[in-house]
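Single-structure report; data block below.
The values are calculated or read from the model by the stated rules, or taken from the named source; none is laboratory data. Just so we're clear, the structure is a prediction, and the values are computed from it rather than from any experiment. Positions of Cβ are backbone-derived with ideal geometry, glycine not excepted, and every protein chain shown enters the neighbour counts. Heavy atoms of the whole protein, side chains included, go into the accessibility calculation; ligands, DNA and RNA do not. Shrake-Rupley method; radii C 1.70, N 1.55, O 1.52, S 1.80 Å.
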Amino acid sequence: MVVYLVGAGPGDPELITLKAVNVLKKADAVLYDKLANEEILKYADGAKLIYVGKQAGHHYKSQDEINKLLVEEAKENDVVVRLKGGDPFVFGRGGEEILALVEEGIDFELVPGVTSAIGVPTTIGLPVTHRGVATSFTVVTGHEDPTKCKKQVGWDFKADTIVILMGIGNLAENTAEIMKYKDPQTPVCVIENGTMEGQRIITGTLENIAEKNIKPPALVVIGNVVDVFKEMNQISD
């Protein structure tokens with residue numbers, strides 16, 4: 001028995017890797033997330049399909065339940081695929097699931113995916129780095145685990161570009177924190193439904209972006225690279 005933790009990419013089913021497709025084709029069971037495009041499941045023809053998705057404010061199954069289910073399916077099948085949106089190790093809780101497998105002595109393999117943190121900005125032509133403008137970027141969650149006794153995220157980032165995932169529900173709070181360290185006029189770009197039908201691009205500044213009508217799923221890019229993107233695409237706020 002073996003479990004593959006597979007990254008499905010940022011949304012567009014054509015952005016999944018060839019290795020991920022080949023693994024899905026031999027799967028006996030697939031546990032998949034909300035952000036893993038269901039079109040990808042066609043490659044797992046004949047496999048048992050189990051939805052274990054999460055979304056803001058609601059978990060279809062808790063992480064402990066997912067871990068337990070993953071172990072159970074691994075013991076009953078030769079090949080199990082855990083299909084995750086983006087990459088399993090970028091806010092995908094892949095590490096937690098591997099630890100559960102290790103505890104049970106279950107073999108596993110990792111198949112990386114295109115993380116939305118880079119894939120989504122790239123698809124619209126927004127470079128997270130640009131010579132003379134941004135030589136570094138950081139990726140941060142905008143929604144920390146609420147059960148933690150202390151927050152880990154400090155918003156005084158030194159990177160030229162900040163990419164926030166899962167941050168729309170806390171956008172006003174997060175941008176207020178960042179404005180303690182950065183100019184309120186720092187340019188911001190939010191991408192809704194990145195790489196998918198219904199994709200929407202919203203630009204603004206740290207000061208006003210939270211006032212705009214933005215809905216998840218979306219990611220936030222903060223920094224002067226946004227001005228580069230707007231110049232390349234002749235966009236104005």
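Determine the percent antiparallel among the DSSP beta bridges restricted to the chain, to the nearest 5. Percentage antiparallel, nearest 5: 45. Once all protein chains are placed together, Val128 keeps about 20 Å² accessible to a 1.4 angstrom probe. Assuming a ≥ b ≥ c are the square roots of the Cα gyration tensor eigenvalues, decide whether the range 110-237 counts as rounded (a/c under 1.5), prolate (otherwise, with a/b larger than b/c) or oblate. Rounded. Surface calculation, 1.4 Å probe, protein heavy atoms: Phe137 sits at approximately 80 Å² accessible. Averaged per residue, the range 1-147 has 51 square angstrom of accessible surface, using a 1.4 angstrom probe with ligands and nucleic acids left out. Summing Lys and Arg as +1 and Asp and Glu as -1 over all other residues whose Cβ lies under 15 Å from the Cβ of Thr129 gives a net charge of 0. If a/c stays under 1.5 just call it rounded; otherwise compare a/b with b/c (prolate if a/b is bigger, oblate if not). Do that for the chain, with a ≥ b ≥ c from the square roots of the Cα gyration tensor eigenvalues. It is prolate, given that a/c is not under 1.5 and a/b is the larger ratio. Around the Cα centre of the chain, unit charges on the Cβ atoms of Lys, Arg, Asp and Glu (plus for the first two, minus for the last two) sum to a dipole of about 280 debye.
The per residue volume of the convex hull around the alpha-carbon atoms of the range 72-132 is 101 Å³.
When the chain is described by a simple charge dipole with +1 on each Lys and Arg Cβ and -1 on each Asp and Glu Cβ, the residue from Ile201, Leu70, Ala47 located farthest towards its positive end is Ile201. Taking amide H as placed 1.01 Å from N in the peptide plane, the amide H of Val79 sits under 5 Å from that of Val2, Asp28, Ala29, each at least 5 places away or on another chain.
Ignoring ligands, DNA and RNA, what percent of the 1.4 Å accessible area of the range 1-130 is carbon and sulfur? That fraction is 50 percent. Summing Cβ point charges (Lys, Arg +1; Asp, Glu -1) relative to the Cα centre of the range 117-237 gives a dipole of roughly 240 debye. Under a model in which nothing but the beta-carbon of Lys, Arg (+1) and Asp, Glu (-1) is charged, the range 66-124 shows a dipole of about 340 debye around its Cα centre. For the range 100-237, the share of DSSP beta bridges that are antiparallel, to the nearest 5, is 75%. Annotation for the range 1-64: chymotrypsin sites (Phe, Trp or Tyr not before Pro) lying in DSSP loop with at most 14 further Cβ atoms inside 10 Å of their Cβ are Tyr60. For the range 171-229, the carbon plus sulfur part of the accessible surface works out to 45%, probe radius 1.4 Å.
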